[in-house]
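Student: Encoded as structure tokens, here's the structure I'll be asking about.
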Amino acid sequence: MYKKILMPVDVFEMDLSDKAVRHAVNLAKSEGATITLVNILPNSSRSLLRGFNADIKKFEEYMTAESDKKMKALKRLFDMSPENIDCEVRFGNVRDEIIQLSKEGKYDVIVIGSRNPSMTTHLLGSNAETILRYATIPVLVVR
């Protein structure tokens, strides 16, 4: 049923992903699927920082390298073969990048962790809620 699983993670806030990892692994193992971990980092405000392009590029390279390191460490938490887990780092809006990637990569399901509800997010974390609202494939939200 699910051969390709997309799993957005915030590598700088790992406690949000811990439970979702177990669910993604269970889905992947039962179906023989692959998992793609993706960390979306915010775009640098290039319009505000004109003249600092070299610094922005260095900062983005640093953040990409740190994200890669943390995702490789996260791969060790998965109770499955590391060859079945891919990692990707992107810059942009979380919702837009996840929706675009889910279409580009022809994924079957998105597994995402969610924060505890609050007055501002009502039932789900804001990223989980917007991905759930705009996704064209099934979304498993794990709290």
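Student: In region 88-112, what residues are among the basic types (Lys, Arg) and farther than 15 Å from residue 41 by Cα?
Tutor: 103, 106
Student: Now a separate question. Is it the case that residue 40 is touching a Gly at 6+ places or on another chain (Cβ under 9 Å), at pLDDT 80 or above and open to solvent by less than 80 Å² (accessible area, probe 1.4 Å)?
Tutor: Judged against the criteria, residue 40 is a match.
Student: Right, here's the next one. Across region 58-78, what is the number of residues that are within 12 Å of residue 35 (Cβ to Cβ), free of Cβ contacts under 8 Å to residues at least 60 places away in the same chain and open to solvent by less than 100 Å² (accessible area, probe 1.4 Å)?
Tutor: Looking only at that region, the number is 2.
Student: While we're on this one: For residues that are in a loop (DSSP other than H, G, I, E, B) and modelled with pLDDT of 80 or more, scanning just region 86-132, find the one that is most open to solvent (accessible area, probe 1.4 Å).
Tutor: The qualifying residue most open to solvent (accessible area, probe 1.4 Å) is 106.
Student: I need the full set of residues from region 81-114 which are under 19 Å from residue 30 (Cα atoms) and under 12 Å from the mean Cα position of the chain (by Cα), in order please.
Tutor: Selection gives 86, 110, 111, 112.
Student: Okay, next question. What residue, among those in region 48-57 that are in a loop (DSSP other than H, G, I, E, B) and open to solvent by 80 Å² or more (accessible area, probe 1.4 Å), is modelled with the highest pLDDT?
Tutor: Of everything passing the filter in region 48-57, 52 is modelled with the highest pLDDT.
The values are calculated or read from the model by the stated rules, or taken from the named source; none is laboratory data. Computed from a predicted structure; not experimentally measured. Reconstructed Cβ throughout: ideal geometry from the backbone, glycine too, with neighbour counts over all protein chains shown. In case anyone asks, the SASA skips ligands and DNA or RNA and just uses the protein heavy atoms, side chains included. Shrake-Rupley method; radii C 1.70, N 1.55, O 1.52, S 1.80 Å.
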